[in-house]
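The structure appears below as structure tokens.
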Amino acid sequence: MANEQNFEVIIIGGSYAGLSAAMALGRALKKVLVIDGGNPCNKQTPHSHNFLTQDGKTPKQISELAQAQVANYDTVSFVDDTAIKGEKKNSGFEITTQSGTVFRGRKLIFGTGVKDLMPNIEGFAECWGISVIHCPYCHGYEVRHKKTGLFANGDMAYEFGKLLWNWTKDLTIYTNGKSNLSAAQTSSLASKNISVVEKEIVKIKHQNGQIQTLIFSDGSMQELDALYAKIPFVQHSDIPESLGCEITEMGILKVDMMQKTTVDGVFAAGDSTNMMRSVANAVYGGNMAGAAASKELIAEDFGVIN
């Protein structure tokens, strides 16, 4: 728990990106606060994959080990709270939390992730991250060769369907209404025995998040083992945008190669900045953000003349 209010860097979001940034900063001897409310978007996911040394661990196991290791650096503090407001000040930034506490930092790093917007389909949210999945590189091996669906439409359905064909040849695209696929795209998919179903899905029958059956509006059903889905999302925190950070057309925070946003002194990493939503990518981005923020602080304190 943080007993002071003044820090060199405040990190908002204490999952993989935030903790990775905190480790880099702790090793750079910087005074850091990590603010996290304990609500990660992958909380339902039973196992994490495609991350060296941690393959098959639960997201919670990975984050708990990460936090324990970061806590070994005595310049890093943690607070269990939710940041709700951010303001730019002459000396840096002020962050107000849900509890009413105000923290001040010279630099900010956002590892706040995104919030997925679930469709109005009974059972969808309960299966999200378990058998309704977003990424074949994260989950595809576990459902390889199984009866698989893709919840998507138009160009996204075509491009993602081509990719998923690598993991399973038993694939059906569910457009949940009239297909927006072109005749050429539909023909191309059909040549690989990928069918397109336009029926509206009203319910996913499942057992503890594991899909059993899709139920359509006409009462028909389809058994299924896994369903990939490309669904819309929004930024989990509105503080970056309120500070003036640019949001791209894809809905992610715009950052450069050093994870700097379009606002001086503000960095971001993880799912809020990249469409490649994976643990490994978040750890990389957080490490870069932490190193870049510390480098700026060192230069400022040294009095470097540009």
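The values are calculated or read from the model by the stated rules, or taken from the named source; none is laboratory data. In this text, all values refer to a predicted model and were calculated from it rather than measured experimentally. Note that each Cβ is placed from the backbone with ideal geometry, even for glycine, and that neighbours are counted across all protein chains shown.
Details
- Residue within region 280-302 that is closer than 20 Å to I130 by Cα, touching a Cys at 6+ places or on another chain (Cβ under 9 Å) and modelled with pLDDT under 95 present: no
Rundown of residues vs (1) farther than 23 Å from D116 by Cα; (2) crowded, with 23+ Cβ neighbours inside 10 Å; (3) polar (S, T, N, Q); (4) modelled with pLDDT of 90 or more, yes/no style:
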{"residue": "I12", "(1), (2), (3), (4)": "no, yes, no, yes"}
{"residue": "G18", "(1), (2), (3), (4)": "no, yes, no, yes"}
{"residue": "L25", "(1), (2), (3), (4)": "yes, yes, no, yes"}
{"residue": "K31", "(1), (2), (3), (4)": "yes, no, no, yes"}
{"residue": "Q44", "(1), (2), (3), (4)": "no, no, yes, no"}
{"residue": "Q69", "(1), (2), (3), (4)": "yes, no, yes, yes"}
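- Breaking point among (1) of a type in the set (G, A, S); (2) in the same structural domain as N208 (by TED's automatic domain parsing); (3) surrounded by fewer than 20 Cβ atoms within 10 Å (Cβ to Cβ), for G129: (3)
- Qualifying position, being surrounded by 14 or more Cβ atoms within 10 Å (Cβ to Cβ), more than 16 Å from the chain's Cα centre (by Cα) and among the polar types (S, T, N, Q), among S63, S77: S77
- Test result for A269, over 19 Å from L29 (Cα atoms), crowded, with 21+ Cβ neighbours inside 10 Å and modelled with pLDDT under 95: no
- Evaluation of A268 against (1) farther than 13 Å from I11 by Cα; (2) under 16 Å from the mean Cα position of the chain (by Cα); (3) aliphatic (A, V, I, L, M) (one fails), failing number: (1)
- Checking each residue in region 22-54 for being touching a residue at least 60 places away in the same chain (Cβ under 8 Å) and over 30 Å from E142 (Cα atoms) picks out A22, M23, A24, L25, A28, K30, L33, I35, G37.
- Looking across T168, T175, one residue alone is without any contact (Cβ under 8 Å) to a residue 60 or more places away in the chain, under 21 Å from G56 (Cβ atoms) and β-branched (V, I, T). It is T168.
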